[in-house]
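The values are calculated or read from the model by the stated rules, or taken from the named source; none is laboratory data. On a predicted model such as this, the values are computed, not experimentally measured, just so you know. Cβ sites come from the backbone with ideal geometry, for glycine too, and all protein chains shown count toward neighbours. Each accessible area value is taken on the protein alone, full model and side chains, heavy atoms only, with ligands, DNA and RNA left out. Shrake-Rupley method; radii C 1.70, N 1.55, O 1.52, S 1.80 Å.
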Amino acid sequence: MAESFKYGGYIGQLLRVDLSKGGISRELLREDWARDFVGGAGYSARLLYEEMKPKTDPLGPENKMVFMTGPVNGTLIPTASRSSVCAKSPYTGSFFHSIFGGFWGPELKFAGYDGLIIEGESEKPAYLWIDDDRVELRSAEHLWGKNPFEAQEILRKEIGDDEIHIAVIGDAGEGLAPYAMILVDIRAAGRGGMGAVMGSKKLKAIAVRGTGSVRVPNMLRVYNTSLKLSELMNANPGVKGLSDYGTPRNVAAMNAGGILPTRNWQTETFSRVDGITGETMREEVVKGNRACFACSVNCTKYSVVPSGPYKSVINGPDFETVFGFGSICEVDDIKAVCKADEICDHYGIDLISAALSVGWAMECYDKGIFTKEDTGGIDLRFGNADAMLEMTELIGRREGLGALLAKGTREASRIVGKDSYHFAMQNKGLEFAGHSARPYPAMCVGYATGPRGGSHHDIRNTPEKLGMVDRKTLEGKGALAAEINHWLIMCDCALLCHLAEPIWGPDKINNNVIEALNAVTGWNLDFPQTRKIAERQWNMIRCFAAREGFTRADDQLPPRFMEDPIPDGPMKGSVMPKETLERLKNDYYSYRGWDLETGNPTRVKLADLGLEFAAEDVC
Ligand code: SF4
């Protein structure tokens with residue numbers, strides 16, 4: 001089958017597993033969809049739009065999960081390590097793509113598949129074993145209840161191979177916790193509750209071993225492109241910082257610039273930041289580096305706290321862990337941050353949503369909305385590291401106040417009331433990652449319109465932060481946000497890593513992306529053609545959301561961003577008033593050719609992108 005596929009980089013085959021019937025089948029990758037959507041999130045959105053009905057229960061058997069690679073995975077192209085897992089999210093209620101790195105995706109291609117569609121629901125706990133052509137559903141009753149690392153260890157022993165790659169859920173996924181994640185070897189498909197979808201299907205794990213390869217039209221061209229891109233990456237100081245300090249490389253600089261979200265975003269400077277900087281982390285806990293397939297950056301750190309109350313061993317912490325369990329909770333101890341990371345992995349929960357839920361609860365406690373009676377005696381003050389860890393543990397176990405916080409800040413604030421929604425730091429239910437918005441209009445409108453909600457992988461503040469454009473002006477910010485959307489989604493469809501931002505972005509689709517895609521596929525894309533594919537991918541995801549009932553009214557920011565100016569530091573006074581946001585949304589929708597009233601793509605736009613089939617549903 002691989003031999004017959006028209007374009008390089010692809011295997012040409014998908015695997016489909018029906019858990020209700022125990023059926024396993026193979027089917028052709030659609031050439032037209034590969035050309036129109038490339039792979040990853042875009043291909044999955046097209047497939048799920050076709051195969052799922054609107055209003056499907058995210059935790060019911062009708063929801064489908066698509067694990068998908070892209071054409072670059074498994075080749076030498078730098079950072080071609082990523083994979084996507086997509087489904088209707090139980091956390092946001094719309095299409096969600098969660099991206100993870102490591103080796104699992106390339107291994108799936110080496111086993112002979114571009115992607116994997118999971119449908120139905122198993123009667124009993126099961127795991128999927130993909131060993132090249134041999135694909136089996138096996139009982140996972142002995143794995144149910146095991147934490148992700150224990151389950152991986154048992155599976156590796158059982159299969160007799162230490163080098164297989166395993167996606168697995170923990171207790172949170174089994175228990176359908178709304179922001180449960182999937183651990184993939186040492187990495188996570190963290191966001192959007194994909195672990196809960198997997199748990200609802202009683203699918204504990206997917207283990208993969210592949211011994212094949214990926215065909216490209218001209219090996220020398222791929223080799224030379226990869227070499228050039230690697231040299232570019234290695235020469236870039238921003239990328240070098242990633243190697244040295246991991247993603248927390250800029251914690252000190254962000255704080256100095258007044259854009260490190262702190263105290264549940266009440267401010268954006270942290271007076272005790274020294275305890276959680278990349279430099280402190282490197283000195284105190286980091287013991288080694290971890291790389292992904294085809295990547296020399298090694299940005300993931302391996303950290304050990306050998307003894308004491310925060311004794312832990314983790315792959316991390318990443319910036320999001322440091323901001324979430326550090327500055328958001330005003331905890332200045334990197335060792336406590338490591339422990340919080342370990343707890344999240346142990347239970348299989350998204351650490352951004354968990355940390356922001358703890359931060360929200362700390363603010364409730366600070367304001368007297370919660371008392372010790374509510375917290376079970378825990379003194380949930382900002383800065384209390386032990387209280388933060390106890391509450392994270394309770395979220396993992398979904399006990400006491402943790403049961404409420406495991407629902408996330410949007411739902412918890414709806415239940416609690418008392419104006420706590422004002423500081424529930426989320427959009428569409430998904431908590432924000434640690435990238436400042438209030439000083440940056442394009443970032444604000446990008447966060448508000450993001451299909452996943454508070455995801456820093458749908459929008460970036462880099463061009464505004466680095467002064468590539470006038471930070472304060474509103475002019476052109478709708479267009480800038482849309483073009484940033486485009487480079488990010490193109491990477492999520494080709495499956496390149498956003499962290500190599502200077503190479504693939506940062507303000508629009510970079511020629512390097514086009515060169516990498518052309519080299520592996522044999523296409524001859526130019527910028528307008530590539531941009532149009534990205535626009536199609538973005539509109540496809542918007543159509544899915546519109547069909548679920550999402551409209552302009554859902555493109556929002558938390559009241560805190562719209563009403564509370566940053567109170568101090570270099571960005572003092574920055575705020576995004578609601579009326580300004582609405583103006584930016586008009587600018588953004590107009591640039592995209594979307595209807596200003598509904599925020600949905602128009603018939604004209606859909607026809608232009610070849611998405612006419614969605615017009616009945618969304619126009
Ligand atoms: S930059 Fe980091 S996360 Fe991205 S592919 Fe490389 S090692 Fe993996």
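A few comments on the model shown:
- When Thr56 is tested against the conditions (1) free of Cβ contacts under 8 Å to residues at least 60 places away in the same chain; (2) within 16 Å of the ligand (Cβ to nearest atom), the lone failure is (2).
- Yes/no for Ile369 being open to solvent by 20 Å² or more (accessible area, probe 1.4 Å), among the β-branched types (Val, Ile, Thr) and in contact with a helix residue (DSSP H, G or I) (Cβ under 8 Å, 6 or more places away or on another chain): yes
- Within the range 95-109, one or more residues are on the phi > 0 side of the Ramachandran plot, touching a residue at least 12 places away in the same chain (Cβ under 8 Å) and within 16 Å of the ligand (Cβ to nearest atom).
- Condition check for Thr69: assigned by TED's automatic domain parsing to the domain that holds Glu121, of a type in the set (Ser, Thr, Tyr), in contact with a strand residue (DSSP E or B) (Cβ under 9 Å, 6 or more places away or on another chain) and away from the ligand (no atom under 16 Å from the Cβ): no
- Number of residues in the range 411-422 that are outside any loop (DSSP other than H, G, I, E, B), of a type outside the set (A, V, I, L, M) and open to solvent by less than 60 Å² (accessible area, probe 1.4 Å) equals 3.
For every residue, the table says whether it meets (1) over 30 Å from Ser357 (Cβ atoms); (2) modelled with pLDDT of 95 or more; (3) in contact with a Cys (Cβ under 8 Å, 6 or more places away or on another chain).
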residue: Glu27; (1), (2), (3): yes, yes, no
residue: Gly39; (1), (2), (3): yes, yes, yes
residue: Leu48; (1), (2), (3): no, yes, yes
residue: Lys55; (1), (2), (3): no, yes, no
residue: Val72; (1), (2), (3): yes, yes, no
residue: Ser94; (1), (2), (3): no, yes, no
residue: Gly101; (1), (2), (3): no, yes, yes
residue: Leu108; (1), (2), (3): yes, yes, no
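- When every residue of the range 94-101 is checked against the conditions, none turns out to be within 21 Å of Gly170 (Cβ to Cβ) and touching a Phe, Trp or Tyr at 6+ places or on another chain (Cβ under 7 Å).
- Restricting attention to the range 269-317 and to residues that are in contact with an Asp or Glu (Cβ under 7 Å, 6 or more places away or on another chain) and small (Gly, Ala, Ser), the residue that is farthest from Pro439 (Cα to Cα) turns out to be Ser312.
Condition check ((1) without any contact (Cβ under 8 Å) to a residue 40 or more places away in the chain; (2) on the phi > 0 side of the Ramachandran plot) across all residues:
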site	(1), (2)
Ala385	no, no
Met391	yes, no
Gly408	no, yes
His422	no, no
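- Within the range 470-512, the only residue that satisfies the criterion of being within 16 Å of the ligand (Cβ to nearest atom) and either at positive phi or of a type in the set (Lys, Arg) (or both) is Leu495.
- Elements of the type helices (runs of 4 or more DSSP H) sitting completely within the range 455-571 and holding at least 2 residues that are at pLDDT 95 or above and open to solvent by less than 20 Å² (accessible area, probe 1.4 Å): these cover 462-465, 477-494, 511-521, 527-547, 559-563.
- Residue that is farthest from the chain's Cα centre (by Cα) [pool: residues in the range 233-253 that are open to solvent by less than 20 Å² (accessible area, probe 1.4 Å) and away from the ligand (no atom under 11 Å from the Cβ)]: Gly241
- Highlighted here are the strands (runs of 3 or more DSSP E) found entirely within the range 124-181 that include at least 3 residues which are surrounded by fewer than 18 Cβ atoms within 10 Å (Cβ to Cβ): 134-139.
- Close pairs from the range 175-187: first farther than 14 Å from Gly408 by Cα, partner among the acidic types (Asp, Glu) and at pLDDT 95 or above, Cβ under 7 Å, at least 6 apart: Leu183/Asp345
- Of all residues in the range 233-253, exactly one satisfies the criterion of being of a type in the set (S, T, N, Q) and not in a helix (DSSP H, G or I), namely Asn236.
- Exclusive hit being within 16 Å of the ligand (Cβ to nearest atom) and outside the structural domain of Asn315 (by TED's automatic domain parsing), set Ile11, Ile77: Ile77
- Evaluation of Glu597 against (1) among the acidic types (Asp, Glu); (2) over 30 Å from Ile533 (Cβ atoms); (3) free of Cβ contacts under 8 Å to residues at least 60 places away in the same chain (one fails), failing number: (2)
- Those residues of the range 198-232 which are within 16 Å of the ligand (Cβ to nearest atom) and crowded, with 23+ Cβ neighbours inside 10 Å, in sequence order: Leu229
- For first residues located in the range 31-42 and within 13 Å of Thr521 (Cβ to Cβ), partners that are at pLDDT below 95 and not hydrophobic (A, V, I, L, M, F, W, C) and lie 6+ apart or on another chain with Cβ distances below 6 Å form the pairs Glu31/Lys6.
- Residues within the range 457-470 that are under 24 Å from Gly193 (Cα atoms) and either touching a residue at least 60 places away in the same chain (Cβ under 8 Å) or not assigned by TED's automatic domain parsing to the domain that holds Asn485 (or both), tallied: 1
- Selected residue [within 23 Å of the chain's Cα centre (by Cα), within 16 Å of the ligand (Cβ to nearest atom) and touching a residue at least 12 places away in the same chain (Cβ under 8 Å)] from Gly326, Gly348, Gly316, Gly288: Gly316
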